[in-house]
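S.K.: Quick one: structure below, then a few questions.
None of the figures in this text is laboratory data; all of them are computed from the coordinates on show. Here the structure is a predicted model, which means the values were calculated and not measured. Here the Cβ is made from the backbone with ideal geometry for all residues, glycine too, and neighbour counts use every protein chain on show.
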Amino acid sequence: ARVDKSGYKHFMAKEIFEQPTVLADALRAYLSPEGIHLGADAGLAGVQRITMVACGTAFYACLTAKYWFERLARVPVEVDIASEFRYREPPIPEGTLAIFVSQSGETADTLAALRYCKGRAASILSVVNVAESSIARESDVALPIHAGAEIGVASTKAFTCQLNVLYLLALETARLRGEIDAEGISERLDALRSLPGLFNATLERDDRIADAALALSEARDVLFLGRGLMYPLALEGALKLKEISYIHAEAYASGELKHGPIALIDKTVPVVVMAPRDGLFDKTVSNMQEVIARGGQVLLITDAEGAREADGETWRTIVLPDVPEDLAPMLYALPAQLLAYHAAVAKGTDVDQPRNLAKSVTVE
Ligand code: G6P
């Protein structure tokens, strides 16, 4: 079916703003009042270790999922970019579940990594948007993310929908291993069901985010910082900004700041800090103060409590709704996408077709 921009100026904007509806639909596809329905035996029961492989934005979805699988299901997880994975010739021990994440399902390196694992002892699970793709076909089980056609080269709704399926997989693995009881699962599923509403509330902050993006668009370099679950998201935020606005952006785990990147800080380098008020927040605030003490301009993306605690110290603060800690990467993805989008619009770049990039990379 032909897809149009539904009144938006760019596909990317349409795809960002349809995330509340798309996520609600994706949830309906996998949830019933009784719980999670993957629709297939994904091979989670006897799993001893997980290897996740992907490229680009899908790789950052995998990095996020590592925290979920390890924390909730207590399974060791290794994550690698597809173009490195098979050249390392990694051993694949028995009991390995290999998970491949790809929006298109056609990325050459990811497909090659899948074939590497297939010849060995792993079960092959893929998380794809295009259900009839090569990666889906060659997997033991392929779980669709139900994001609908994604046209903008910079991935947005596919990212949040990949996270959704990976989170459900982590919960289901935790349940099968007896790491979470029925109540723990149902609490988390209720939280997930409330996420589309929180997406809407976050998208209402668009004007404020656009305003910050306009200021960012004048920078030559931007740093993104996050800890824990927010670290992969910082990487994704930096990637989005690079891809479409051509502003140089780097992301670091906040705790690494002092091991190098702090040398870059001066008043010309804005620092985007993604930090809901969680168990690591105090540490993040102290990293933020190190930036501010060196004249750095901090754009803090946080919740009401976080904003209160960081009071007055930041250059700008964007306040998001409260969200359960597990789900913060999904919610905080939205302002990361909007920052990149508005910065690109301000710079007048070709948002949906950025230079040198392709939606799907079918050569190695
Ligand atoms: C390209 C796209 C990225 C995407 C990556 C992986 O580089 O520009 O947006 O994240 O490929 O694509 P895949 O289809 O495998 O998710």
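S.K.: Label 7 Å along Cα→Cβ of Glu94; segment 123-161 residues with amide nitrogen under 15 Å?
M.R.: 123
S.K.: If the only charges are +1 at each Lys and Arg Cβ and -1 at each Asp and Glu Cβ, what is the size of the charge dipole of segment 131-274 around the Cα centre, to the nearest 20 debye? The partial results should precede the final answer.
M.R.: On the way: 14 positive and 21 negative charges, 51 e Å.
Magnitude of the dipole: close to 240 debye.
S.K.: Out of segment 130-230, which trypsin sites (Lys or Arg not before Pro) are coil in DSSP terms and have no more than 12 other C-beta atoms within 10 Å?
M.R.: Arg220
S.K.: While we're on this one: With an 8 Å Cα cut-off and a minimum separation of 6 or more residues, compute the relative contact order for segment 103-187 in percent.
M.R.: Over segment 103-187, the number comes to 21 percent.
S.K.: Antiparallel DSSP bridges in the chain: what percent, to the nearest 5?
M.R.: On the way: 2 of 41 bridges.
Bridges in the chain are about 5 percent antiparallel.
S.K.: Something else about it: Dividing the convex hull volume of the alpha carbon atoms of the chain by its residue count, what do you get in Å³ per residue?
M.R.: Working: hull volume 48.3 nm³, N = 364.
Once divided by residue count, the hull of the chain is 133 Å³.
S.K.: Okay, next question. At what distance in nm do the modelled label points of Val3 and Ser32 sit from each other, each positioned 7 Å from its Cα along Cα→Cβ?
M.R.: Between Val3 and Ser32, the simple spin-label model gives 2.9 nm.
S.K.: Order of Glu106, Glu243, Glu84 from fewest to most other C-beta atoms within 10 Å?
M.R.: Numbers: Glu106 18, Glu243 23, Glu84 12.
Going from sparsest to densest Cβ surroundings: Glu84, Glu106, Glu243.
S.K.: Still on this model: Extension gain Ala263-Glu290, at 0.36 nm per residue separation less the Cα-Cα distance, in nm?
M.R.: On the way: separation 27, 0.36 × 27 = 9.72 nm, distance 1.11 nm.
Result for the pair: 8.6 nm of gain on full extension.
S.K.: Further, regarding this structure: Taking a spot 7 Å from the Cα of Glu132 along the direction of its beta carbon, which residues of segment 149-174 have an amide N less than 15 Å from it?
M.R.: 149
S.K.: Evaluate the Kirkwood expression for the hydrodynamic radius of segment 215-319, namely the inverse of the mean inverse distance over all pairs of different C-alpha atoms, and round to one decimal in Å. Spell out each step's value before the answer.
M.R.: Working: mean 1/r = 0.0751 Å⁻¹.
Computed over Cα pairs of segment 215-319, the Kirkwood hydrodynamic radius comes out at 13.3 Å.
S.K.: Using the count of nearby Cβ atoms within 10 Å as a rough guide to exposure, how do Thr317, Thr284, Thr21 rank from fewest to most?
M.R.: Thr21, Thr317, Thr284
S.K.: Using Cβ contacts closer than 10 Å as the measure, can you line up Phe224, Phe199 from fewest to most? Before the final figure, lay out each step's value.
M.R.: Details: Phe224 29, Phe199 26.
Starting with the residue having the fewest Cβ neighbours, the order is Phe199, Phe224.
S.K.: I would also like to ask the following. Using a 10 angstrom cutoff on alpha carbons, build the Gaussian network for the chain and name the most mobile of Leu171, Leu27, Leu280.
M.R.: Most flexible of the set in this elastic network: Leu280.
S.K.: Provide the percentage of antiparallel DSSP beta bridges, counting only those with both residues in segment 1-113; round to the nearest 5. Working shown, then result.
M.R.: Numbers: 2 of 12 bridges.
Counting DSSP beta bridges with both partners in segment 1-113, the antiparallel share is about 15 percent.
S.K.: Now for a separate question. Below 8 Å, C-alpha to C-alpha, sequence gap of six or more: please give me the relative contact order for the chain in percent.
M.R.: Working: 702 pairs, mean separation 68.1, N = 364.
It comes to 19 percent, rounded to a whole number.
S.K.: Based on the Cα atoms of segment 1-152, what semi-axes does the equivalent ellipsoid have, where each is the square root of 5 times one gyration tensor eigenvalue, given in whole Å with the largest first? Write down the numbers at each step before the final one.
M.R.: Values: eigenvalues 153, 70, 39 Å².
Gyration-tensor ellipsoid for segment 1-152: 28, 19, 14 Å.
S.K.: Take the alpha carbon atoms of segment 68-127, find their center, do the same for segment 301-337, and report the distance between the two centers in whole angstrom.
M.R.: 32 Å
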